[in-house]
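I have placed the structure first, in the form of structure tokens, so that the comments after it can refer back to it.
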């Protein structure tokens, strides 16, 4: 009797956890990320990953600093990931499904200084980046968060291939959207396999 009760409690906890995760939103916050080729920068950024229930109540959170990220990178052997294999496996239908995840940016503070040898090319790069940002950001930003979206792209003239990026951002993704896309990709691949066999 006690064993049955214990099993029921475990099943209920697992079910509650699954429900909590499904109706949650994953929030990725990147703080003080900086990268440049002009000078040596000691990384001191922080990545905070949290789960918010119904996008209101934070119920799980953990943070990773640059040191922890480097250790993870080494342990997981990320440098051994075969990019070409991923490109071969990823179809156009998969990309369409992944776009349905609809991430939302709630905060952005981006500063980018960029330049190449040629002054004319540099003068074209900056407006192209600005145009791409101005097209993309309204698609992934909620109206109430527009005031928290800031970016500054500066040209660096008469310098040899320079870039200096500073970034602080927050991105939110609904877990239900991720699960839905994963399920649809899996279903599409199964159907394609069946068609290939027939």
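The values are calculated or read from the model by the stated rules, or taken from the named source; none is laboratory data. Source: prediction; values computed, not measured. Note that each Cβ is placed from the backbone with ideal geometry, even for glycine, and that neighbours are counted across all protein chains shown.
Things worth noting here:
- Checking residue 151 against (1) at pLDDT below 90; (2) assigned to a strand (DSSP E or B); (3) under 22 Å from residue 28 (Cβ atoms), the condition it does not meet: (1)
- Residues satisfying the stated conditions in segment 40-65, i.e. part of a loop (DSSP other than H, G, I, E, B) and either under 14 Å from residue 170 (Cβ atoms) or in contact (Cβ under 8 Å) with a residue 60 or more places away in the chain (or both): 45, 55
- Out of 127, 103, sole residue that is closer than 29 Å to residue 35 by Cα, surrounded by 11 or more Cβ atoms within 10 Å (Cβ to Cβ) and without any contact (Cβ under 8 Å) to a residue 24 or more places away in the chain: 127
- Test result for residue 106, assigned to a helix (DSSP H, G or I) and either modelled with pLDDT of 85 or more or touching a strand residue (DSSP E or B) at 6+ places or on another chain (Cβ under 9 Å) (or both): no
- Single residue of segment 77-100 satisfying the filter (outside any helix (DSSP H, G or I) and surrounded by 11 or more Cβ atoms within 10 Å (Cβ to Cβ)) that is modelled with the highest pLDDT: 100
- Residue in segment 66-76 that is under 29 Å from residue 142 (Cβ atoms) and either modelled with pLDDT of 85 or more or under 17 Å from the mean Cα position of the chain (by Cα) (or both) present: yes
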